[in-house]
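Only one structure is covered here, and it is reproduced in the block below.
The values are calculated or read from the model by the stated rules, or taken from the named source; none is laboratory data. Given the structure is predicted, the values throughout are model-derived calculations rather than measurements. Cβ sites come from the backbone with ideal geometry, for glycine too, and all protein chains shown count toward neighbours. Note: areas computed on protein heavy atoms with side chains; ligands, DNA, RNA excluded. Shrake-Rupley method; radii C 1.70, N 1.55, O 1.52, S 1.80 Å.
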Amino acid sequence: MQVKRNGEISFWYADLGAIPAPRPPLPGDIEADVAIVGAGYTGLWTAYYLKKAKPSLRIVLVEREFAGFGASGRNGGWLSGGFGWSREKYLKTSTRQGVTAMQQAMAGCVDEVIRVATEEGIDADIRRVDNLTVATNPAQLERVREECETTRSWDADPERIELLDAEATRARIKIRNVMGGFVIHGQARVQPAKLVRGLAAAVERLGVSIYEKTTATSIAKGIVDTDRGTVRAETIIRATEGFTAGIPGEERTWLALNSAQIVTEPVSEELWRQIGWEGHELLGNAAHAYCYAQRTRGGRITMGGRGVPYRYGSRTDIDGQTQQATIDQLHTILTRLLPQTAGCRIDHAWCGVLGVPRDWCTTVGLDPATRIGWAGGYVGLGVSSSNLSGRTLTDLVLGQDTELTRVPWVNRKVRPWEPEPFRWLGVHSMYQLYRIADQREAAGLGHTSRLAALADSITGH
């Protein structure tokens, strides 16, 4: 399948009309109270809440490209408030009450992001929708039922999680061979580039300085060195997510996992009648190599997945350009789930990276000795989680003991990833096993393939 545009950051910027012109770079050596490296969701939310809490703070953001260049401007637009990490891993250093509090705080991010967007006049095509996970074979259906029950058992409002049979699932979206699914109510769809650009503008209105085309070359206590000068600050926040491995000393902190998407041409009204999807649900499936999709404001379908999952040495893409093999793979997933789209043109393909800690569980924290803070390793859930990061980092920076600073992801220590080539071998082995497991399950295996458990054990997923 050929595409009209490949890369160019993402479709979301094409939807805006153009890639934004960068703001001026750092003008030289400066001083601040707080220096933030990275002007994506995490850095911008942190700056926003810090400035709201204490307007006198001098806050500086430095960004290698432009605000929203990374995952914040390329993601699938799922404002889910979801909790996709292992509760059991958090339980090892916390309690059920603590993990439940963290899950509730995550879920509350949906309302909070919508509140700020409304208050700041950010038009990000936000639409409240359900999140629908579908099963198309018996093994997937088994996992759907298990995940539904597990999510209900942890959720403060189990009524917002609903198990669907095949008929009820098909009534929402006419997925080929669908056997059932489950819905989580109370989530939202967004246009991610509109959200991050609007948030950057809101932060600037508050008096925060954003310097773009400024590359941080090192981070140490009280100092951020860049190619444009040095920023000296008592507190420094590393908000670099999937690009963290590019900072000296952080090469093994978080793995840069690749994810890619395609988007169709605008779908005709007749074709929408054939597909359904009138509720504009966020759509995912229960495959091991899962996909994620949305129906956009402009009546297109985006479809995302891992594609080529990892580049050797945590290398990143060039302006979002992705491989033809990945485009073909995503098109196959789209037409397998929705064969009605077989004749649709694919207008744009792109990719980006997301941060993955060694235990696949996100963290946020502040080292009291160095005053260097961090947040990320969202493993694909950063649209909502980054908002909670910003609020949590605000409390940590200001030295406040709050409910947010006591949840179990705060100051959680995770061991580093192995050096290469073991990282590359591990991740590619995991996804190859996932693909084989999915193939066996699609061919009629009536239960979850043991190869998937082997894949998880290789990398601690």
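Kindly indicate which of Arg228, Arg197, Arg273, Arg300 is among the basic types (Lys, Arg) and without any contact (Cβ under 8 Å) to a residue 40 or more places away in the chain. Reasoning before the result, please.
Values: Arg228 fails: without any contact (Cβ under 8 Å) to a residue 40 or more places away in the chain; Arg197 fails: without any contact (Cβ under 8 Å) to a residue 40 or more places away in the chain; Arg300 fails: without any contact (Cβ under 8 Å) to a residue 40 or more places away in the chain.
Of Arg228, Arg197, Arg273, Arg300, the one residue that is among the basic types (Lys, Arg) and without any contact (Cβ under 8 Å) to a residue 40 or more places away in the chain is Arg273.
Filtered by the rule that a residue be of a type outside the set (Gly, Ala, Ser) and surrounded by fewer than 20 Cβ atoms within 10 Å (Cβ to Cβ), segment 240-261 gives Ile247, Pro248, Glu250, Glu251, Arg252. A single member of Arg315, Arg391 is touching a residue at least 24 places away in the same chain (Cβ under 8 Å), among the basic types (Lys, Arg) and out of contact with any strand residue (DSSP E or B) (no Cβ under 9 Å at 6 or more places or on another chain), and it is Arg391.
Applying the selection to segment 187-236, what residues are among the acidic types (Asp, Glu) and either in contact with a Leu (Cβ under 7 Å, 6 or more places away or on another chain) or farther than 17 Å from Glu119 by Cβ (or both)? Before the answer, list the steps.
Our first condition is that a residue be among the acidic types (Asp, Glu); within segment 187-236, this holds for 204, 212, 225, 227, 234.
If the condition is that a residue be among the acidic types (Asp, Glu) and either in contact with a Leu (Cβ under 7 Å, 6 or more places away or on another chain) or farther than 17 Å from Glu119 by Cβ (or both), then Glu212, Asp225, Asp227, Glu234 are the ones that fit.
Candidates Thr253, Thr244: the one that is part of a loop (DSSP other than H, G, I, E, B) and over 23 Å from Ala188 (Cβ atoms) is Thr253. Against the condition touching a residue at least 12 places away in the same chain (Cβ under 8 Å) and charged (D, E, K, R), how does Glu281 come out, does it pass? The answer is yes for Glu281. Checking each residue in segment 357-388 for being more than 20 Å from Gln103 (Cβ to Cβ) and touching a strand residue (DSSP E or B) at 6+ places or on another chain (Cβ under 6 Å) picks out Leu366, Arg371, Ile372, Gly373, Trp374. Among the residues of segment 198-206, none qualifies, meaning not one is under 26 Å from the mean Cα position of the chain (by Cα), within 30 Å of Ala342 (Cβ to Cβ) and not β-branched (Val, Ile, Thr). Criterion applied to Ala171, Ala156, Ala124 was being exposed (fewer than 14 other Cβ atoms within 10 Å of the Cβ), among the aliphatic types (A, V, I, L, M) and not in a helix (DSSP H, G or I), and the one residue passing it is Ala156. For segment 431-450, the set of residues classified as open to solvent by 70 Å² or more (accessible area, probe 1.4 Å) and outside any helix (DSSP H, G or I) consists of Ala443, His447, listed by residue number.
Among the residues making up segment 280-304, those that are touching a helix residue (DSSP H, G or I) at 6+ places or on another chain (Cβ under 6 Å) and either among the aliphatic types (A, V, I, L, M) or surrounded by fewer than 17 Cβ atoms within 10 Å (Cβ to Cβ) (or both) are Ala286, Ala287, Ala289, Met303.
Kindly establish whether Ser86 is surrounded by fewer than 24 Cβ atoms within 10 Å (Cβ to Cβ), at negative phi and free of Cβ contacts under 8 Å to residues at least 24 places away in the same chain. Criteria not met by Ser86.
Hey, among the residues in segment 43-56 that are in contact with a helix residue (DSSP H, G or I) (Cβ under 6 Å, 6 or more places away or on another chain) and open to solvent by 10 Å² or more (accessible area, probe 1.4 Å), which one's farthest from His348 (Cα to Cα)? Can you show your working first?
Keep residues of segment 43-56 that are in contact with a helix residue (DSSP H, G or I) (Cβ under 6 Å, 6 or more places away or on another chain), which gives 44-50, 53.
Filter once more, so that each one left must be open to solvent by 10 Å² or more (accessible area, probe 1.4 Å): 49, 53.
Working: Tyr49: 35, Ala53: 40 Å.
If we take residues in segment 43-56 being in contact with a helix residue (DSSP H, G or I) (Cβ under 6 Å, 6 or more places away or on another chain) and open to solvent by 10 Å² or more (accessible area, probe 1.4 Å), then Ala53 is farthest from His348 (Cα to Cα).
Tally the residues that are over 30 Å from Gln400 (Cβ atoms) and either open to solvent by 60 Å² or more (accessible area, probe 1.4 Å) or in contact with a Phe, Trp or Tyr (Cβ under 8 Å, 6 or more places away or on another chain) (or both), restricting the search to segment 27-42. Break it down into steps so the answer makes sense when it comes.
Pass one, segment 27-42, residues over 30 Å from Gln400 (Cβ atoms): 27-29.
Going one step further and asking which of them are either open to solvent by 60 Å² or more (accessible area, probe 1.4 Å) or in contact with a Phe, Trp or Tyr (Cβ under 8 Å, 6 or more places away or on another chain) (or both), we end up with 27, 29.
So the answer is 2.
Residue check, Ala71 against (1) surrounded by 15 or more Cβ atoms within 10 Å (Cβ to Cβ); (2) of a type in the set (A, V, I, L, M, F, W, C); (3) under 13 Å from Trp154 (Cα atoms), all met but one. Which one? The number of the failed condition is (3). The single condition from (1) of a type in the set (A, V, I, L, M, F, W, C); (2) surrounded by fewer than 20 Cβ atoms within 10 Å (Cβ to Cβ); (3) at pLDDT 95 or above that Cys351 fails is (2).
Residue under question is Asp15, and the condition is that it be farther than 21 Å from Thr226 by Cα, acidic (Asp, Glu), open to solvent by less than 60 Å² (accessible area, probe 1.4 Å) and not in a loop (DSSP other than H, G, I, E, B); does it hold? Outline the logic, then answer.
Values: farther than 21 Å from Thr226 by Cα: yes; acidic (Asp, Glu): yes; open to solvent by less than 60 Å² (accessible area, probe 1.4 Å): yes; not in a loop (DSSP other than H, G, I, E, B): yes.
Yes; evaluated as a whole, the condition is true for this residue.
Within segment 224-239, does at least one residue satisfy the condition of being open to solvent by less than 20 Å² (accessible area, probe 1.4 Å), in a loop (DSSP other than H, G, I, E, B) and closer than 22 Å to Gly73 by Cβ? Yes.
Using the structure shown, decide if His331 is farther than 30 Å from Leu199 by Cβ and surrounded by 15 or more Cβ atoms within 10 Å (Cβ to Cβ). Yes, satisfied.
For (1) assigned to a loop (DSSP other than H, G, I, E, B); (2) crowded, with 24+ Cβ neighbours inside 10 Å; (3) touching a residue at least 60 places away in the same chain (Cβ under 8 Å), each residue gets a yes or a no:
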site: Asp359; (1), (2), (3): yes, no, yes
site: Ala375; (1), (2), (3): no, yes, yes
site: Ser386; (1), (2), (3): no, yes, yes
site: Asp395; (1), (2), (3): no, no, no
site: Pro408; (1), (2), (3): yes, no, yes
site: Ser429; (1), (2), (3): no, no, no
